[in-house]
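S.K.: Before I ask anything, let me first share the structure, which is written out below as C-alpha cells.
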Number of protein chains: 2
Amino acid sequence: MNTQEYYLDYFKTRLSRFLDEVKSEPKYLYEPVKYALSAGGKRIRPVLCLMSAEMFGVKAEMAVDAALGLEVFHNFTLLHDDIMDKSDMRRGRPTVHKKWTENIAILSGDLMSLVACRCASKTEINSKAVLDTFLQTAIEICEGQQYDMDFETDDNVTVDDYMKMINLKTAVLLAGSLKIGALIANASQADCENIYEYGRYAGLAFQLQDDLLDTYGDAKVFGKPIGGDIAENKKTFLLINAMNLATGNAKSELLSWLSKEDFDRTEKYNAVKSIYDSMKIKDLTVAKIDECYAIADSYLQKVSLPESQKNVLRSYMDSMRSRNY
Amino acid sequence: MNTQEYYLDYFKTRLSRFLDEVKSEPKYLYEPVKYALSAGGKRIRPVLCLMSAEMFGVKAEMAVDAALGLEVFHNFTLLHDDIMDKSDMRRGRPTVHKKWTENIAILSGDLMSLVACRCASKTEINSKAVLDTFLQTAIEICEGQQYDMDFETDDNVTVDDYMKMINLKTAVLLAGSLKIGALIANASQADCENIYEYGRYAGLAFQLQDDLLDTYGDAKVFGKPIGGDIAENKKTFLLINAMNLATGNAKSELLSWLSKEDFDRTEKYNAVKSIYDSMKIKDLTVAKIDECYAIADSYLQKVSLPESQKNVLRSYMDSMRSRNY
C-alpha cells in the first residue's frame, strides 16, 4: 500500500504538468486559472479519489485525470464563492476578483468548471458512471451554495437545515471523490455506495470541525484569523444551537451582539464565545463530530475489503480529524 | 424530410418538458434557470443539431438531449455575459441579475453550465466524441468572451482579431451544434468536419449580419433599439473597418464622436452612420457576409449526401440570411 504522502505527491506532479500545459492566451482567462490552482491547499479531494482507486485495486494513474477534475472543480467553487461572499483574501493572497476584476473572476471560473468536466470525462473505465457522479455532485454543490446564501437573510435556520446545507456544499464532494475512485476501480455497486456514505459523513464531520476551529481554534495554526464566523454572524452549527438553547439573559445578550452594527471584533468574539461556553456548545459540537465520524466508520466497515486495505484511508481521515488547521 | 418548423416545434416540446421537470428548491437557484430558458429566442442551435442528425440519417429523438444541452449552454452564456456587460434588459425583460441579484445570476448560470454538460453527456451514440465536441466548443466560447472584453480597452483591434473573436464567441457553437448532430448520426469524420466548417462560416456571417443590423436594421423588426453598438463605441466589423479606412476630416470626426462622454444618442448615431456611408462600410460588410456564406456553402457541397437531403438546412440558413431581426 502507498502512503498518504505518496498520493499527495503523485497528485501534485500531475497538477504541475497540467499547469505547465495551460494555454497562455487569452491571458486574462488563463492566468487566473493558474493563479487559483497554484495557491496550495490540502488537495483532499484528489487524494481521496486516488486512495479509493488503489484501495479497490487499480493504479492511481487510472484515476488521476478524474482527481484533477475534482480539484479544479473545487477551486472553481472557491473562486466564485469568493465573488459572492465579497472575500478579499484566500490562502494569504488576494482573491481572483480582487487581483483582477469581478468579470475576469466570473469568466475564468466558468472556464474552470468546464475544464473540470473535461478532466472528469477523460476516464476510460466506467466513464459514464464517473461523469454522472461528477455532474450530480457538482450540481448539488450549487444547491448547497444557494442554501448557504439563503441562510444569510433567514432567521429560522434549524440544525436540520444546516446539516442539509453542509451536506450539499461540502460533504457530497468528498463522498463523490471516493465514489469516483471506486467506480474507476470497477468496485461493486454496494461498495461504491458504502464508500460514498463514508465520505459523506466524514465530510459533514469535516465541516463541523471547520466551524469549531473558527471559534475555538489556535490562531497560530489555523489558516485564517479566529472568530470570523462570530464577527459576521455566520449561521454555523455553533450559533444555531446556541440560539436554540439560550434563554433569559444569555438569549438577550446573544441577540444584542447579533444586531450590533458597530462593535469591537475581539470584544464581540469574547462575549459570544463565553455565551457558547456557558451552554457547552463546544462539547455539543464535538459530540456531533464524533457521531458523524462513527457513522462514517460504520460505512467503511461495510466495504467488502480486508480491513488492512482500508488503513491508508482510515489513517488519512484520522489525520484530518486531529487537525487544528 | 421534415421542415424547419417541425424541428423548432419538436425542440420546444422537449424544452417545455425539461422546464416542467426543473426542481423547485432552492427557489433562487432554479427559478432563474426557468426564467432564462423560457424567454424565447430563435433556438437556432438545437434546430441545427436536430436537422443535422436527421440529415445524416437518425431520428431527431436521438439528438434531442444534446440539442437541449446546446440551448441551455447558450442561455448560460447570455446570462453571465449580461452580468459582465451590465445589461439590464434581454428579450424585452429584465436580465436575471436585475430581476434577482448578481450573486443569484452567477450561481444559477454556474448551474446551467453543468446541467448543459449533463444533457450533452446523455447521448448514447458516439457519446465520447459528442461530449468532447461540446466541451471544446464551450471552452472556446469562454475564450471568445474574454477577447471581446479585452477589446473594450484595446485601441488596436484589427479585422483579423475581430474575426478570430466572433469565430470563438459565436461561430463555433453553430458549428458544434451541426457536428454534434452529425456525430450522433455516426457520420464519417470528413462529413463531421465539413458540416462543422459549414456552420462555422455561416456563424461568422450570422454575427456580421448582427453587426450590420445593429446600425442598418429596421427598428420595427430588430429585437432591440437600433444604434446600440454606435452609442457604446462597440468595436464591430463596421467600426474597425471605418477606423482603418477613414482619413482626414472623416477620421477626426469619427475619433471625436468616439471620445465624447456626453452626447445625444440619435445625433451620434446619424453622424457615425453618415461617416460609414461615405466609406461604403455597408457594402463592405455585405460583401464579407456574402463571402462567408459562399465559403460555408462550399463546405456543405462537400458533404457526401444527395443535394436534396441538404435542402432543409440550406433553406433554414437562407431564412436566417434574409432575416432583418
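Values in this text are rule-based calculations from the coordinates and carry no lab data. Because the structure is predicted, anything quoted here is derived from the model rather than measured. As a convention, Cβ positions derive from the backbone with ideal geometry for all residues, glycine included, and neighbour counts pool all protein chains shown.
S.K.: Taking each label point as 7 Å beyond Cα in the direction of the beta carbon, state the distances from residue A:5 to the same residue in the other copies, shortest first, in nm.
M.R.: 7.3
S.K.: Tell me which residues come under 5 Å, amide H to amide H, from residue B:90 once H is placed; ignore anything under 5 positions away on its chain.
M.R.: B:95
S.K.: Note down the nm distance, to one decimal, between modelled labels 7 Å out along Cα→Cβ at residue B:160 and at residue A:132.
M.R.: Rounded to a tenth, the inter-label distance reads 4.8 nm.
S.K.: Further, regarding this structure: Provide the gained length on full extension for the span residue B:89 to residue B:291, in nm with one decimal, where the gain is 0.36 nm per separating residue minus the Cα-Cα distance.
M.R.: Details: separation 202, 0.36 × 202 = 72.72 nm, distance 3.30 nm.
Gain on stretching residue B:89 to residue B:291: 69.4 nm.
S.K.: Most exposed first by the Cβ proxy, i.e. fewest other Cβ within 10 Å, how do A:200, A:323, A:265 rank?
M.R.: Values: A:200 24, A:323 15, A:265 12.
Ordered by Cβ neighbours within 10 Å, fewest first: A:265, A:323, A:200.
S.K.: Between segment A:146-205 and segment A:39-90, what is the C-alpha centre distance in whole Å?
M.R.: 15 Å
S.K.: Relative to 2.2 N^0.38 Å, what does the C-alpha radius of gyration of segment B:1-141 come to as a ratio? Two decimals please. Write down the numbers at each step before the final one.
M.R.: Numbers: Rg = 15.1 Å, N = 141, 2.2 N^0.38 = 14.4 Å.
It is 1.05.
S.K.: Ignore the peptide's own chain and count Cβ atoms of other chains within 10 Å of each Cβ in A:145-154; give me the average, rounded. Let's see the in-between values first.
M.R.: On the way: counts 7, 11, 4, 1, 7, 5, 0, 1, 0, 0.
The per-residue average across the peptide is 4.
S.K.: Still on this structure, I have one more. Measuring from a point 7 Å out along Cα→Cβ, what nm distances, shortest first, does residue A:101 have to its partners in the other copies?
M.R.: 2.3
S.K.: Of the candidates B:132, B:211, B:20, which one comes out as most mobile in a Gaussian network treatment of chain B with C-alpha springs shorter than 10 Å?
M.R.: B:20
S.K.: What is the mean number of Cβ atoms from other protein chains located within 10 Å of the Cβ atom of each residue in peptide B:124-134, rounded to a whole number? Let's see the in-between values first.
M.R.: Working: counts 1, 0, 0, 4, 5, 0, 0, 5, 3, 0, 4.
Mean partner-chain Cβ count within 10 Å for B:124-134: 2.
S.K.: Given a cut-off of 26 Å, what percent of all Cα-Cα pairs of segment B:4-321 lie beyond it?
M.R.: Values: 24826 of 50403 pairs.
Every Cα pair in segment B:4-321 considered, those over 26 Å come to 49 percent.
S.K.: Could you give the length gained on full extension between residue A:250 and residue A:152, defined as 0.36 nm per residue of separation minus the Cα-Cα distance, in nm?
M.R.: Values: separation 98, 0.36 × 98 = 35.28 nm, distance 2.22 nm.
Full extension from residue A:250 to residue A:152 adds 33.1 nm.
S.K.: Could you give, in nm with one decimal, how far residue A:283 is from each other copy of that position, shortest first, with labels 7 Å out from Cα toward Cβ?
M.R.: Nearest to farthest, the other copies are at 9.1 nm.
S.K.: Shielding of A:99-111 by partners, i.e. mean partner chain Cβ atoms within 10 Å per residue?
M.R.: On the way: counts 0, 0, 2, 4, 10, 3, 1, 10, 9, 2, 6, 12, 7.
Across A:99-111, the average partner-chain Cβ count within 10 Å equals 5.
S.K.: Based on other C-beta atoms within 10 Å, arrange A:101, B:215, B:13, A:153 from fewest to most.
M.R.: Details: A:101 15, B:215 21, B:13 11, A:153 6.
If I rank by nearby Cβ atoms, fewest first, I get A:153, B:13, A:101, B:215.
S.K.: Moving on to the next point. Taking the simple approach of a point 7 Å from Cα along Cα-to-Cβ for both residue B:19 and residue B:267, what is their distance in nm?
M.R.: Computed distance between label sites residue B:19 and residue B:267 equals 4.4 nm.
S.K.: Hey, fewest Cβ within 10 Å first, where do B:110, A:160 land in order?
M.R.: Details: B:110 26, A:160 9.
Least to most surrounded, the residues fall as A:160, B:110.
S.K.: Using only alpha-carbon positions, what ratio does the radius of gyration of segment A:1-52 give when scaled by 2.2 N^0.38 Å?
M.R.: Working: Rg = 12.9 Å, N = 52, 2.2 N^0.38 = 9.9 Å.
Dividing the Cα radius of gyration by 2.2 N^0.38 Å gives 1.31.
S.K.: On to the next question. Would you mind listing how long segment A:163-319 runs along its three principal axes, going by Cα atoms, in whole Å with the largest first?
M.R.: Projected onto its principal axes, the Cα set of segment A:163-319 covers 56, 31, 23 Å.
S.K.: Return the sequence-ordered ³J(HN,Hα) values of segment B:266-271 in whole Hz as given by the Karplus equation 6.51 cos²θ - 1.76 cosθ + 1.60 applied to θ = phi - 60°, using x for Gly and Pro.
M.R.: Ordered by residue, 3J(HN,Hα) equals 5, 4, 4, 4, 5, 5 Hz.
S.K.: Would you calculate, for chain A, the mean residue ellipticity at 222 nm contributed by helices, counting each DSSP H stretch of 4 or more residues as -39,500 (n - 2.57) and dividing by all residues, to the nearest 500? Spell out each step's value before the answer.
M.R.: Numbers: 16 runs with 231 residues, N = 325.
Theoretical 222 nm ellipticity from helices: -23000 deg cm²/dmol.
S.K.: If Lys and Arg each add +1 and Asp and Glu each add -1, what is the summed charge of the other residues whose beta carbon sits under 11 Å from the beta carbon of residue B:34? Provide the component values of the computation, followed by the final result.
M.R.: Details: positive: B:23, B:27; negative: B:20, B:21, B:31.
Neighbourhood net charge equals -1.
S.K.: Show me, bin by bin at 10 Å from 0, the whole-percent P(r) of the protein assembly as shown based on Cα pairs.
M.R.: Percent of Cα pairs in each bin: 3, 14, 23, 24, 18, 11, 6, 2, 0.
S.K.: State the extension gain, in nm to one decimal, for the chain segment bounded by residue B:1 and residue B:278, taking 0.36 nm per residue of separation less the distance between their alpha-carbons.
M.R.: On the way: separation 277, 0.36 × 277 = 99.72 nm, distance 4.65 nm.
Computed gain between residue B:1 and residue B:278 is 95.1 nm.
S.K.: For segment A:204-219, in order, what is each residue's ³J(HN,Hα) by Karplus, 6.51 cos²θ - 1.76 cosθ + 1.60 with θ = phi - 60°, in whole Hz (x at glycine and Pro)?
M.R.: Calculated HN-Hα couplings, in order: 4, 4, 4, 6, 5, 4, 4, 4, 5, 5, 5, 9, 10, x, 9, 3 Hz.
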